[in-house]
1. Could you pull out the residue among ILE104, ILE139, ILE109 that is under 18 Å from ILE77 (Cα atoms) and either among the β-branched types (Val, Ile, Thr) or touching a residue at least 60 places away in the same chain (Cβ under 8 Å) (or both)?
2. Across region 14-28, which residue is nearest to LEU92 (Cα to Cα) among those that are surrounded by 16 or more Cβ atoms within 10 Å (Cβ to Cβ) and hydrophobic (A, V, I, L, M, F, W, C)?
3. Would you please name the residue that is most open to solvent (accessible area, probe 1.4 Å), looking only at residues in region 103-145 that are at pLDDT 90 or above and of a type in the set (Val, Ile, Thr)?
4. For region 32-145, please list each of the strands (runs of 3 or more DSSP E) lying entirely inside it that holds at least 3 residues being among the small types (Gly, Ala, Ser) and under 15 Å from the mean Cα position of the chain (by Cα).
5. For region 35-54, how many residues are in contact with a strand residue (DSSP E or B) (Cβ under 6 Å, 6 or more places away or on another chain) and either on the phi < 0 side of the Ramachandran plot or among the charged types (D, E, K, R) (or both)?
6. List the number of the failed condition for PRO65; all other conditions in (1) free of Cβ contacts under 8 Å to residues at least 60 places away in the same chain; (2) touching a strand residue (DSSP E or B) at 6+ places or on another chain (Cβ under 7 Å) hold.
7. Inside region 32-75, can you point out the residues that are crowded, with 16+ Cβ neighbours inside 10 Å, within 23 Å of GLU91 (Cβ to Cβ) and not hydrophobic (A, V, I, L, M, F, W, C)?
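The values are calculated or read from the model by the stated rules, or taken from the named source; none is laboratory data. These figures come from a predicted structure and were not determined experimentally. Every residue, glycine among them, receives a Cβ derived from its backbone with ideal geometry; neighbour counts consider all protein chains shown. In case anyone asks, the SASA skips ligands and DNA or RNA and just uses the protein heavy atoms, side chains included. Shrake-Rupley method; radii C 1.70, N 1.55, O 1.52, S 1.80 Å.
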Amino acid sequence: KYIMSYITPFHLAIPVEDLKKCRAYYKDILGCKEGRSDNNWVDFDFFGHQLVIHQKQGFSNHEKPISNSVDGHDVPIPHFGVVLEWSAWQELSIKLKQTNTVFIIEPYIRFKGLPGEQATMFFMDPENNALEFKAFKDINQLFAK
């Protein structure tokens with residue numbers, strides 16, 4: 001049986017063109033606490049993990065992402081995000097709706113009644129990085145087959 005007791009935080013660095021806009025998005029919309037920063041990068045506490053946005057002049061991520069069909073939806077690839085507690089996921093989905101987030105996949109329950117049943121939602125940050133946030137009512141189902 002899988003029980004989460006401690007997970008080592010991941011580190012992810014992504015390129016952005018508009019550092020100011022992305023800094024505000026991760027801080028104000030997603031509620032990530034800002035850590036270290038410099039003129040061209042900003043560290044965030046991304047739900048217990050380290051996310052760094054690096055300004056890259058001339059970077060463009062505006063092509064439509066590729067996708068893979070999962071549960072009848074076109075899931076963007078690549079994407080990243082975190083698994084939240086059920087109530088935190090619900091709060092975030094409400095906040096995102098209130099800030100008029102355009103969802104790639106609206107918040108819904110995936111795999112209803114099956115192993116791995118989960119709440120999920122997909123959306124883009126201001127630089128078109130695809131994000132997925134999910135939650136399990138039973139976290140022990142995270143890797144269920």
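1. Only one candidate passes the filter, namely ILE104.
2. Residue satisfying both the conditions and the ranking: CYS22.
3. Result: ILE104.
4. none
5. Final tally of qualifying residues: 13.
6. Against the list (1) free of Cβ contacts under 8 Å to residues at least 60 places away in the same chain; (2) touching a strand residue (DSSP E or B) at 6+ places or on another chain (Cβ under 7 Å), PRO65 comes up short only on (1).
7. Hits for region 32-75 are HIS49, HIS73.
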